1. Give the cross-link partners of K410 among the aspartates and glutamates, using a straight C-alpha distance below 17 Å as the criterion and excluding same-chain residues fewer than 8 apart.
2. On a 0 to 90 degree scale, rounded to 10, what angle separates helix 111-142 from the longest Cα axis of the chain?
3. Could you work out the helix-only [θ] at 222 nm for the chain, with each DSSP H run of four or more residues adding -39,500 (n - 2.57) and the total divided by the number of residues, to the nearest 500 deg cm²/dmol?
4. So how much slack lies between R148 and L245, counting 0.36 nm per residue of separation and subtracting their Cα-Cα distance, in nm?
5. Quick check: convex hull of the Cα atoms in region 57-125, volume per residue, rounded to a whole Å³?
6. Output the 0 to 90 degree angle, nearest 10, between the alpha-carbon long axis of helix 87-102 and the longest principal axis computed from the alpha carbons of the chain.
7. Taking the Cβ of each residue in Y125, Y267 as the centre, tally the other Cβ atoms inside 10 Å and list the residues starting with the fewest.
8. Gain in length, V437 to V111, computed as 0.36 nm per residue apart minus the alpha-carbon separation, to one decimal in nm?
Amino acid sequence: MTTAEAAPPARIATSIKAGYGIGQIAGQLFRDTPSLLLLFFLTNVMGISPALAGTAIFIPKVVLGALFDLGIGAMSDQIAGRFPRRNWFVVAALASPVAMLGIFAVPHASVGFQIAWVMVTFSFYMAVYSSFSVPYLAMLADMTSNPRERTELMGWKHSFGGIGLLLSSSVAPMAVSALGTDQRAHLIVMGTVGISCLVFMLIAWKVAGRIVPVAKVAGDGAAGRSALGGLARAFRDRRFVILSLSAVVMTISAGIGYASFPFFVKYSMARAEPLHDLGIMAAIMGVAVIFGSPLWVMVAGRIGKVPAYVLAAAGHGVVVFVWGLVPRAPVEIAYLLSALLAVCNAGWGTIVLSLLSDCIAQAREEFGENRAGSYSAIWSAIEKAGIALGGTLIVGVLLSWFGFDSGAAKAGLPQSDSAMFGILFCYSFLPGVAKVVAAGMIWKFVREPRLP
């Protein structure tokens with residue numbers, strides 16, 4: 001262990017935690033707004049089949065998104081001395097409005113041209129997202145060597161993520177609904193979202209200038225090593241591999257549930273104004289995340305991070321499964337289930353990132369090199385690929401396989417019984433089981449570090 005890391009540093013100033021955490025609002029807007037609205041927009045507004053629309057999103061999000069994540073993560077480790085990680089935020093901020101507008105500015109042309117448009121614009125979108133998300137997560141991991149302080153940092157991050165959830169999953173769909181649900185409505189809302197991302201990213205960039213990373217104090221052991229070598233070394237760290245495998249299961253299931261949520265509200269719950277009602281439930285979720293995150297920080301401090309994660313992840317799976325059993329219950333029940341779902345989400349989302357930061361710190365201590373960029377890049381790639389695989393390709397293929405009819409959806413006609421079951425399967429039953437599996441993986445194989 002280096003001298004600089006022999007003892008936990010002083011607590012990070014609250015103003016830095018809060019100011020840096022604001023950046024997560026932009027990260028949440030980037031992650032959730034298209035995940036929630038894009039597939040529904042392409043099928044119900046543009047009339048593209050779910051399988052085609054899902055494939056058009058999936059390919060750039062997974063293939064190019066992973067390349068962007070890994071490339072930026074490796075580079076951010078290599079050139080940190082010449083181009084500080086925080087400067088990537090400025091690049092992403094300036095491009096955010098164009099990226100948000102492009103994916104919804106689908107022209108009224110042949111289906112082939114529309115698919116090509118979505119693939120190209122979403123590729124650019126993923127490049128912009130990677131330019132922010134990977135350096136942002138890497139800096140969080142570099143800020144302290146104290147495991148408890150890292151959990152608190154992630155609590156701040158996830159609380160601001162609740163605000164992002166309010167904006168992306170409540171305000172955005174309700175605004176689209178109020179403006180008429182057509183393409184123009186989507187473009188107005190997405191342009192506003194893009195400008196908001198610009199502002200929040202620049203705030204995080206400004207605050208990040210006050211951060212002195214632990215790795216900078218201790219010395220950067222990765223200097224002079226190849227970027228690709230840093231990525232390869234990450235997969236030789238058993239702790240990181242286990243965390244990554246659990247993240248694959250969790251993010252795929254989260255993507256499936258997220259993309260199918262509008263379908264669930266419209267068809268399974270039979271709500272007349274699905275985007276409006278979805279917005280109300282998402283608002284409840286956002287508030288629950290904001291207040292739930294600090295509670296989970298306290299829970300983890302009392303019972304440990306691993307038990308807290310298991311409790312939250314398994315609870316999330318149980319709640320979403322139960323919701324699928326009672327989709328036509330009174331809307332007040334849906335509001336209650338929304339709150340419980342979000343409280344559990346706050347728990348596993350906060351704790352798993354704290355465990356990731358612990359893993360990065362342990363690697364820095366044991367191997368004498370800063371792998372924050374590489375680990376964060378791989379994690380970000382897993383998260384985005386999992387959300388894309390679950391939220392576009394798997395949902396699109398499953399809905400088509402169960403018989404969902406985009407033409408009938410566009411015309412306002414009912415769906416078949418098979419399609420209705422497919423929506424329940426995608427939103428509730430499959431994600432419910434997957435989240436319990438992910439909880440079991442963490443319980444069985446992950447051990448958290450002891451305090452010095």
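We did not get these values from a lab; they are worked out from the coordinates using the rules stated. All values derive from a computational prediction rather than experimental measurement. Neighbour counts run over all protein chains shown; Cβ positions are idealised from the backbone, glycine included.
1. Of all the aspartates and glutamates, those that pass the test against K410 - Cα under 17 Å, at least 8 places apart if same chain - are D182, E273.
2. Compared with the principal axis, the helix lies near 30 degrees.
3. Working: 20 runs with 337 residues, N = 452.
When only DSSP H runs of four or more count, the value is -25000 deg cm²/dmol.
4. Numbers: separation 97, 0.36 × 97 = 34.92 nm, distance 2.39 nm.
Taking 0.36 nm per residue and subtracting the Cα distance, the gain is 32.5 nm.
5. Numbers: hull volume 5.0 nm³, N = 69.
Looking at region 57-125, the number lands at 73 Å³ per residue.
6. In the chain, helix 87-102 runs at an angle near 0 degrees to the longest axis.
7. Values: Y125 27, Y267 22.
Starting with the residue having the fewest Cβ neighbours, the order is Y267, Y125.
8. On the way: separation 326, 0.36 × 326 = 117.36 nm, distance 3.86 nm.
Using 0.36 nm per residue and subtracting the Cα-Cα distance, I get 113.5 nm.
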